[in-house]
Structure formats: C-alpha cells, structure tokens
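Taking it in order: structure first as structure tokens, then the write-up.
The values are calculated or read from the model by the stated rules, or taken from the named source; none is laboratory data. Treat the numbers as computed from the prediction; the structure is a model and nothing was measured. No Cβ is skipped: glycine too gets one built from the backbone with ideal geometry, and neighbour counts run over all protein chains shown. Protein only, heavy atoms only, side chains kept; ligands, DNA and RNA dropped before computing areas. Shrake-Rupley method; radii C 1.70, N 1.55, O 1.52, S 1.80 Å.
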Amino acid sequence: MLSKPALLGLLGALTLLASLPATAEVDGQQLFRQHCAKCHAEDGRANTLRGWLYFAQNLSKAKWQDNNSDNDILEAIQDGPGAMPGYADKLSEAEQLALVKTVRDLRKP
C-alpha cells in the first residue's frame with residue numbers, strides 16, 4: 001500500500017497529465033508545402049523550375065499513383081530518390097506517414 005504522501009504525489013501527477021493538451025495531429029499538407037512543394041509544386045504536378053531542373057516526379061498522375069504503393073512512397077520520402085533529399089532522420093514516423101497520405105490526396109483523374 002502506498003503511503004499518503006506517495007498517493008498524493010501520484011494523484012497530483014495524474015491530474016497534471018490529464019490537464020496537458022492532447023498531441024496535435026500531424027499536418028501533412030503543411031509538411032508537403034514546407035519540404036516538397038519547392039520541386040513537386042503544391043498540386044503535385046512538379047511544374048516548378050526546380051521540379052523541371054531536378055526531374056521531379058509528377059505526383060498527381062493517376063498512372064504513377066497506381067504503380068506505386070504506400071510503401072514505395074514512404075521509401076522515397078525516407079531515402080530520397082535521385083536529387084531528392086531523404087527525410088528518414090529529419091521527420092518522425094508520424095510525419096512521414098502524413099506525407100504519404102498527402103501524396104495520395106494529390107491524385108488527379
């Protein structure tokens with residue numbers, strides 16, 4: 001059985017934890033604008049000067065989307081194909097997965 005001071009300390013810690021704000025959900029669109037849009041453009045079409053210079057992939061093409069799995073996209077984010085930098089050490093797993101979802105949302109018919 002816990003002593004009264006230990007029990008009060010535990011109760012205080014639990015109260016403090018309950019009052020902390022919940023962890024905010026990762027904003028994949030904001031991460032895409034920050035890290036990817038320079039080359040891939042905000043709409044994913046890679047119609048930027050940098051995209052053209054570095055042969056960036058048009059992420060909005062349905063054919064490209066169909067031919068690449070979520071794992072393929074995740075690996076590209078982590079390892080950085082071609083001139084693209086890798087983000088395995090720069091972004092958390094949750095941020096990387098949010099970017100995969102954002103890339104999927106760029107699909108155009």
Which pairs turn up if I take residues in segment 79-94 that are under 12 Å from Cys36 (Cβ atoms) and part of a loop (DSSP other than H, G, I, E, B) and look for partners that are open to solvent by less than 80 Å² (accessible area, probe 1.4 Å) and of a type in the set (A, V, I, L, M, F, W, C) with beta carbon separation below 6 Å, at least 6 apart in sequence or on another chain? Tyr87/Ile77
If a residue must be under 12 Å from the mean Cα position of the chain (by Cα), open to solvent by 50 Å² or more (accessible area, probe 1.4 Å) and not small (Gly, Ala, Ser), how many such residues does segment 76-94 contain? 3
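Looking only at segment 28-70, count how many residues are at positive phi and surrounded by 13 or more Cβ atoms within 10 Å (Cβ to Cβ).
So in segment 28-70, the residues at positive phi come out as 41, 44, 46, 55.
This time we only want the ones that are surrounded by 13 or more Cβ atoms within 10 Å (Cβ to Cβ), so: 41, 44, 46.
Matching residues across segment 28-70 total 3.
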